[in-house]
Amino acid sequence: MSNTTTRGAFAATPMANSFSGLTVGEETWLTPKSLIDALGPFDLDPATPPNMPWKTAAVMLTKKEDGLATPWSKKHFTFCNPPYGRGIEAWLEKAATHGNGITLIFARTETAAFQEFVLKHPNTTGLFLISGRLKFCRVNGKEAGSAGAPSVLVAYGKEARRRIERAAALGLINGALVDPPKRCASTIALAKVA
């Protein structure tokens with residue numbers, strides 16, 4: 001995504017033990033409305049930070065409602081920007097198993113969770129590698145600092161891929177949509193290096 005098209009930003013929570021938003025001291029960084037508008041509407045956001053200044057989904061669950069423990073209906077199209085750091089594996093597993101939504105995470109391809117619940121998961125229908133480093137939004141909705149790592153939108157299911165394709169075609173997001181390895185004709189196999 002170009003910084004001008006999206007006002008430069010998506011929320012991420014690099015290596016913080018916070019709930020869906022980077023918390024440094026007393027600061028929380030949010031997914032900007034421009035990303036939600038580009039890819040939505042969404043039925044469920046199971047990892048909404050408290051005091052979110054704009055609607056991310058019809059149903060927004062905060063830490064208090066425990067979106068990880070709450071069942072996600074297969075019919076609900078979900079947006080998930082999970083808390084990053086320890087515990088992200090459980091969020092990725094739930095999003096992948098649910099199979100009907102878009103998840104925003106760091107492109108940490110070396111991690112076991114990324115390998116299992118993104119690259120090798122049968123519900124993954126596409127990976128949108130976002131150009132450049134994303135910026136966050138503060139609780140007041142204004143742009144803040146850049147992400148600490150590259151980000152990726154993971155499409156789980158056909159509708160998720162369709163929405164990412166549409167947003168890219170309209171110039172609302174900037175990057176590259178790639179097929180998961182199981183769909184790439186040129187990919188022989190994912191193998192462990194001995």
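The values are calculated or read from the model by the stated rules, or taken from the named source; none is laboratory data. None of the values given here were measured: they were computed from a predicted structure. A quick note on method: Cβ atoms are made from the backbone with ideal geometry, for glycine too, and the neighbour counts reach across all protein chains shown.
Within the range 134-163, residues that are aliphatic (A, V, I, L, M) reach partners that are modelled with pLDDT under 80 and outside any loop (DSSP other than H, G, I, E, B) with beta carbons closer than 6 Å, at six or more positions or on different chains, in the pairs Leu134/Ala9; Val139/Thr28; Ala144/Phe136. Residues in the range 116-159 that are under 17 Å from Ile88 (Cβ atoms) and hydroxyl-bearing (Ser, Thr, Tyr): Thr124, Ser151, Tyr156.
Restricting attention to the range 116-138, the residues that are farther than 18 Å from Leu39 by Cβ and assigned to a strand (DSSP E or B) add up to 0.
The condition of being acidic (Asp, Glu), modelled with pLDDT of 95 or more and on the phi < 0 side of the Ramachandran plot holds for only one of Glu143, Glu159, Glu110, that being Glu159. Tell me, yes or no, whether the range 68-82 has at least one residue that is touching a residue at least 24 places away in the same chain (Cβ under 8 Å) and among the basic types (Lys, Arg). Looking through the range 68-82, at least one residue is touching a residue at least 24 places away in the same chain (Cβ under 8 Å) and among the basic types (Lys, Arg).
For the range 71-83, a residue qualifies if it is touching a Leu at 6+ places or on another chain (Cβ under 6 Å) and either surrounded by fewer than 13 Cβ atoms within 10 Å (Cβ to Cβ) or under 18 Å from Thr109 (Cα atoms) (or both), and exactly one does: Asn81.
Listed conditions (1) buried (at least 16 other Cβ atoms within 10 Å of the Cβ); (2) at pLDDT 85 or above; (3) assigned to a loop (DSSP other than H, G, I, E, B); (4) of a type outside the set (Lys, Arg) are all met by Ser18, apart from (2). Go over the candidates Phe79, Phe136 one by one and state the one that is modelled with pLDDT of 95 or more and under 26 Å from Ala58 (Cα atoms). Residue meeting the stated conditions: Phe79. Quick one: in the range 84-105, of everything that is farther than 18 Å from Ala160 by Cα, surrounded by fewer than 23 Cβ atoms within 10 Å (Cβ to Cβ) and not charged (D, E, K, R), which residue is modelled with the lowest pLDDT? Selected residue: Gly85.
Do we have any residue at all in the range 180-189 that's surrounded by 15 or more Cβ atoms within 10 Å (Cβ to Cβ) and either at pLDDT below 95 or in contact with a Cys (Cβ under 6 Å, 6 or more places away or on another chain) (or both)? Among the residues of the range 180-189, at least one is surrounded by 15 or more Cβ atoms within 10 Å (Cβ to Cβ) and either at pLDDT below 95 or in contact with a Cys (Cβ under 6 Å, 6 or more places away or on another chain) (or both), which makes the answer yes. Within the option set Gly141, Gly145, being over 15 Å from the mean Cα position of the chain (by Cα), more than 24 Å from Leu68 (Cβ to Cβ) and in a loop (DSSP other than H, G, I, E, B) holds for one residue only, Gly141.
Only residues that are aliphatic (A, V, I, L, M) and on the phi > 0 side of the Ramachandran plot were counted across the range 73-107, and they come to 0.
Can you say whether Lys142 is crowded, with 19+ Cβ neighbours inside 10 Å and more than 26 Å from Asn100 (Cβ to Cβ), as far as the supplied structure shows? I'd like the intermediate steps shown before the answer.
Working: crowded, with 19+ Cβ neighbours inside 10 Å: no; more than 26 Å from Asn100 (Cβ to Cβ): yes.
When the stated conditions are applied, Lys142 does not pass them.
Taking Lys64 as the residue in question, decide whether it is farther than 24 Å from Arg166 by Cα, part of a helix (DSSP H, G or I) and either under 13 Å from the mean Cα position of the chain (by Cα) or at pLDDT 95 or above (or both). Answer is no for this residue.
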